[in-house]
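Below is one structure, written out as structure tokens; comments come after it.
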Amino acid sequence: MAENTAAEQGAAPVAQEAAHEAGAHEAGAAQAHVAVEHAEPELLGFAPPVAVVSASMLVLILIMIWKGVPKLISGGLDSSIAQIKAHLEEAKTLRAEAEALRKEYADKIANAEKDAAAMLEHAHHEAEAIVAKAEADTTELIARRHKMVEEKISALELATINDLRRKAAAAAALAAGDLIKANHSADADKALVDKAIAGI
């Protein structure tokens, strides 16, 4: 029991110390709370600055509404929207025109390729026709020249034969004259003439 009393006496100062610390802590917190709650300043001694700023903003907004600032803003926005829409429409129109031009040039390129192929085929046919005509003309020319050469050869042969015949006739006549002169005298010629006259 004496030990219990001694323990209680030893614990009492500790408890008092703890209570004192807790009281000091609460007092410090109360002082801090009092320090946080300070007095609001007043503008010209009758209103806090927050209220003055709020009232000024409200008055400014009312003046802007009274002067039609929202209408001006909405009008400006509407004009900007209208300009943007006009630009978009113009861009759509330009895009449609560009697509049409692209399609037109694509068609022109396709037609040009077809025309080039047709022209190439036509030129090929024309070249074949020219070659065929040249071959036919060459064959015809060769045949004509061959015929002309044959005709010239025939003419030369005929002229040569006629010349030979003429020379042979002249030689025969000359030879016959010589034979007649050699075999017939003037009396024999007279008898032949008389015989011929008598036969008439």
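Applied to the range 134-141, the Karplus parametrisation 6.51 cos²θ - 1.76 cosθ + 1.60 on θ = phi - 60° returns per-residue 3J(HN,Hα) values of 4, 5, 5, 5, 5, 4, 5, 5 Hz, with x for Gly and Pro. Remark: the Cα gyration tensor places the range 60-200 in the prolate category, a/c being 1.5 or greater and a/b exceeding b/c.
Share of the range 76-192's accessible area from carbon and sulfur, percent, 1.4 Å?
Numbers: 6670 of 10250 Å².
That share works out to 65 percent.
Backbone geometry of the range 93-108 corresponds, through the Karplus equation with coefficients 6.51, -1.76 and 1.60 at θ = phi - 60°, to 3J(HN,Hα) couplings of 4, 4, 5, 4, 5, 5, 5, 5, 5, 4, 5, 4, 5, 5, 4, 4 Hz, x marking Gly and Pro.
Here the Karplus curve 6.51 cos²θ - 1.76 cosθ + 1.60, taken at θ = phi - 60°, turns the phi angles of the range 57-74 into couplings of 5, 5, 5, 4, 5, 5, 5, 5, 5, 5, 7, x, 4, x, 5, 5, 5, 5 Hz, with x standing for Gly and Pro. Accessible surface calculations at 1.4 Å, restricted to protein heavy atoms, place the range 58-200 at 89 Å² per residue.
The values are calculated or read from the model by the stated rules, or taken from the named source; none is laboratory data. Remember, predicted model here, so these are calculated numbers, not experimental data. Ligands, DNA and RNA are excluded from the accessible area calculation, which covers all protein heavy atoms including side chains. Shrake-Rupley method; radii C 1.70, N 1.55, O 1.52, S 1.80 Å.
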